[in-house]
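Engineer: Below you will find the structure I want to go over with you.
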Amino acid sequence: MQALWTIRTNETTIIAPAARYRQWEKGADSLAADSSRPGIFLEVPDFGFGPAATALAAIRQVIYQYDWTVVSTGNAAAFLRNELPSATHLELDTWKSSQWPAFNRLAPRKAIVISSGNPLFAEWAIGEGYRVGHLDALDWMWTEERRELTDAEFRIAQAYYGTLNRFSSETREIARPMVDVDIWSEQIGPAQSRTGLIAFGGMSLPGYEDLVTDYARWILTAGLRSLIEHYDCTRVAIVGGRSDLPWLVPPNWREHPRVQTLSRVSRRDYARLVRQSEYLLVSPGLATIYECYVSNTRPVYQPGFNYSMILQLRDLIAAGYSNAITWPWHKQFVNSIAGIPEVAGLQLLQAQISESIHDDVAGIQLSKTLSERNDWSEECNPSALANLWSLPDSATLVAHHLQRLTG
């Protein structure tokens, strides 16, 4: 593994291999590649682990062929530093347009940029003259076509089990779920009896961080009570992207010998933990849903804390998956937000969730629902998910496009 140096500038913090640091020290005005391999910028917003996991799955065939500079921040950046330790890591909050000009000062024009799950940044980068490839796991959810992205070098949209991708396939390539199948299908043996896992994913929702922490505490209060007191689990692991995760565990469970809190585990370690646990209570992020499908596990899905989770859970249940817990107002709320923009839907959603998680009755009902589940590993394998795997692999598509752009 290469030695890493930390460089702080007026705009950002850069964590770079020693060779790249020396290039910067000599007065380089950008992070152009300093090796025999072509340089690629990988931009990932701090919006949970979904965009980061999607990006890693999509570049898995070419990780060692290019000189990567990762542009991210927060939980997503920490996750990517762990998964791509030899890359240069540029700390920049690309969810905020005010931060974008700093990218101009660090990346040479005409550089190749792969943007994952951040169409607004991708549009801006195209307008600035970068050669942009866009990965979109939530293409199915957008209500309007993004015209500026038609000038991208490539656009790869992840297929969805709930609806057909509504926009023209002439401007994008529809790919199978963006999951690293090798990691999630690894043979590791059966689940360990009386073990549980409560997983929250990346736990980042820009503008609503307090909502995420309150939601996590609410789920943990009910989940730990059920898994330890009702199901007599000998170990319950809690996994999430926040460094303060141990402090979100309710005080009466924080030092319990059966409770294990793990912040920011690697993808491979997390996949093994999922497959080794008998009782799974996980958030309904799209990456998680596809990863659990590939690993042939049957989790109980939490009710969710963001807009896409609510819609994905609706469509998963409609496809025949019954092992999920929904908010009491789930169906009515989904019907009321059909077709409205994500920002407006999220504002309505956070108000509903805040009211529910501060309601003792709702917490008691969640614990009761968990304790009454007869079979946590209920066999239900919706054909809607199975049908997606005949589509092209995003990793093969990305490898082809990067070869075309750098060859």
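Engineer: Residue check: is residue 142 buried (at least 20 other Cβ atoms within 10 Å of the Cβ) and among the hydrophobic types (A, V, I, L, M, F, W, C)? Break it down into steps so the answer makes sense when it comes.
Structural biologist: Working: buried (at least 20 other Cβ atoms within 10 Å of the Cβ): no; among the hydrophobic types (A, V, I, L, M, F, W, C): yes.
Here the answer is no, as residue 142 does not meet what is asked.
Engineer: Go through region 300-336 residue by residue and tally those that are over 18 Å from residue 286 (Cα atoms), surrounded by fewer than 18 Cβ atoms within 10 Å (Cβ to Cβ) and among the hydrophobic types (A, V, I, L, M, F, W, C).
Structural biologist: Going through region 300-336 one residue at a time, the tally reaches 1.
Engineer: Moving on to the next point. Could you list, in sequence order, all residues of region 252-276 that are surrounded by 18 or more Cβ atoms within 10 Å (Cβ to Cβ) and either among the polar types (S, T, N, Q) or not assigned by TED's automatic domain parsing to the domain that holds residue 208 (or both)?
Structural biologist: Across region 252-276, the qualifying residue is only 261.
Engineer: Then there is this: How many residues are modelled with pLDDT under 95, out of contact with any helix residue (DSSP H, G or I) (no Cβ under 8 Å at 6 or more places or on another chain) and buried (at least 17 other Cβ atoms within 10 Å of the Cβ) if we restrict to region 385-407?
Structural biologist: Counting residues in region 385-407 that are modelled with pLDDT under 95, out of contact with any helix residue (DSSP H, G or I) (no Cβ under 8 Å at 6 or more places or on another chain) and buried (at least 17 other Cβ atoms within 10 Å of the Cβ) gives 1.
Engineer: Look at residue 268 and say whether it is basic (Lys, Arg), over 16 Å from the mean Cα position of the chain (by Cα) and not in a loop (DSSP other than H, G, I, E, B).
Structural biologist: no
Engineer: Could we say that residue 114 is surrounded by fewer than 20 Cβ atoms within 10 Å (Cβ to Cβ), of a type in the set (Val, Ile, Thr) and either at positive phi or under 20 Å from the mean Cα position of the chain (by Cα) (or both) here?
Structural biologist: On the way: surrounded by fewer than 20 Cβ atoms within 10 Å (Cβ to Cβ): no; of a type in the set (Val, Ile, Thr): yes; either at positive phi or under 20 Å from the mean Cα position of the chain (by Cα) (or both): yes.
No; evaluated as a whole, the condition is false for this residue.
Engineer: Report, by residue number, each residue of region 252-265 that is under 20 Å from the mean Cα position of the chain (by Cα) and outside any strand (DSSP E or B).
Structural biologist: 264, 265
Engineer: A further question on this structure: Wholly within region 282-367, which helices (runs of 4 or more DSSP H) include no fewer than the required count, namely at least 1 residues that are touching a residue at least 40 places away in the same chain (Cβ under 8 Å) and touching a Phe, Trp or Tyr at 6+ places or on another chain (Cβ under 6 Å)?
Structural biologist: By residue number, 286-294, 342-357.
Engineer: Condition test on residue 92, is it touching a helix residue (DSSP H, G or I) at 6+ places or on another chain (Cβ under 8 Å) and farther than 27 Å from residue 173 by Cβ?
Structural biologist: Taking the combined requirement at face value, the residue satisfies it.
Engineer: Condition (residue is modelled with pLDDT of 80 or more, part of a loop (DSSP other than H, G, I, E, B), touching a strand residue (DSSP E or B) at 6+ places or on another chain (Cβ under 9 Å) and over 24 Å from residue 154 (Cα atoms)) applied to region 31-39: is it met by at least one residue?
Structural biologist: Going residue by residue through region 31-39, those that are modelled with pLDDT of 80 or more are 37-39.
If we keep only those that are part of a loop (DSSP other than H, G, I, E, B) as well, we get 37-38.
Within this subset, residues satisfying the condition of being touching a strand residue (DSSP E or B) at 6+ places or on another chain (Cβ under 9 Å) are 37-38.
Keeping just the survivors that are over 24 Å from residue 154 (Cα atoms) gives none.
Checked against the condition, which is being modelled with pLDDT of 80 or more, part of a loop (DSSP other than H, G, I, E, B), touching a strand residue (DSSP E or B) at 6+ places or on another chain (Cβ under 9 Å) and over 24 Å from residue 154 (Cα atoms), region 31-39 yields no hits at all.
Engineer: Shifting gears a bit: Taking the options 194, 155, 172, 146, name whichever one is at positive phi and over 16 Å from the mean Cα position of the chain (by Cα).
Structural biologist: Going through 194, 155, 172, 146 in turn, the sole match is 194.
Engineer: Run down 94, 13 and say which single residue is at pLDDT below 90 and under 27 Å from residue 264 (Cα atoms).
Structural biologist: After applying the criteria, what remains is 13.
Engineer: Looking at region 343-384, which of its residues are at pLDDT below 80 and either β-branched (Val, Ile, Thr) or not assigned by TED's automatic domain parsing to the domain that holds residue 197 (or both)?
Structural biologist: Residues satisfying the conditions are 343, 361, 364, 369.
Engineer: Could you figure out which of (1) surrounded by fewer than 20 Cβ atoms within 10 Å (Cβ to Cβ); (2) touching a strand residue (DSSP E or B) at 6+ places or on another chain (Cβ under 6 Å) isn't true of residue 279?
Structural biologist: Result: residue 279 fails condition (1) only.
Engineer: So, one more: With (1) in a loop (DSSP other than H, G, I, E, B); (2) out of contact with any helix residue (DSSP H, G or I) (no Cβ under 7 Å at 6 or more places or on another chain); (3) without any contact (Cβ under 8 Å) to a residue 40 or more places away in the chain as the list, and residue 143 as the residue in question, which single condition is left unmet?
Structural biologist: The failed condition is (3).
Engineer: Since residue 83 meets every condition but one in (1) surrounded by fewer than 20 Cβ atoms within 10 Å (Cβ to Cβ); (2) of a type outside the set (Val, Ile, Thr); (3) over 15 Å from residue 42 (Cβ atoms), which condition does it not meet?
Structural biologist: Every condition holds for residue 83 apart from (3).
Engineer: Suppose we filter 99, 65, 158, 61 for residues that are closer than 26 Å to residue 200 by Cα and of a type in the set (S, T, N, Q); which single one remains?
Structural biologist: Going through 99, 65, 158, 61 in turn, the sole match is 158.
The values are calculated or read from the model by the stated rules, or taken from the named source; none is laboratory data. Note that this is a predicted model, so its numbers are computed, not measured. Ideal geometry is used to build each Cβ from the backbone, glycine not excepted, and the neighbour counts take in all protein chains shown.
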